[in-house]
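Here's the structure, in structure tokens; my notes come after.
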Amino acid sequence: MSIEVTDVRSSPRDQIAHAAEVIGQSEHRRKVFVAIYRGKRKVKTVGEVVKLSSVRRIRVLQEAGVLANNNIVHKTKVGRELAYEKDAFYSKNKDKVWRLAGNREALKRFPTKFNPRDEFWLRLAFLKRW
């Protein structure tokens, strides 16, 4: 069993940027992301995602697999069917992820810890050196 080593509290902006890069411009991946994070239910089966996204089943499995491999959603089972579970952090920040995934220029300008883009992050990096 593997242990997650990412800490959302230490770099939330980096996590948001990473999710936006993974989702990117792929139409099917964007539809699958929206379908999984839609509504209040935390877990959705593959069949439910197919209905909500209007994407073929094999494509849902492929794109949700990419999201699961990047820890944007979690794989689980409901009965005997494969299902995907929302991540609490991305559930809260889904609008930011969606906005940045659809706009490459906004993603380039989005400041993160490793790619500071505005004065706030530059000043913070400068103060940490002292």
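Read-outs: derived from the displayed coordinates by stated rules, not from any lab. Please read all numbers here as calculations on a predicted model, not as lab measurements. Here the Cβ is made from the backbone with ideal geometry for all residues, glycine too, and neighbour counts use every protein chain on show.
What to note about this one:
- Here segment 25-103 was treated as a single set of alpha-carbon atoms; its pair distances binned every 10 Å from 0 give 20, 59, 20, 1 percent.
- Taking 0.36 nm per residue of separation and subtracting the current Cα-Cα distance, fully stretching the chain between L61 and K42 would add 5.1 nm.
- Residue by residue, segment 61-75 carries 3J(HN,Hα) couplings of 4, 5, 6, 5, x, 5, 5, 5, 5, 9, 6, 8, 10, 10, 7 Hz when phi is fed to the Karplus relation 6.51 cos²θ - 1.76 cosθ + 1.60 (θ = phi - 60°); x denotes Gly or Pro.
- Cβ-derived FRET efficiency at R0 22 Å, S54 paired with T76, nearest 0.05: 0.45
- Residue-span extension gain [D14 to T112] - 0.36 nm each, minus C-alpha spacing: 34.7 nm
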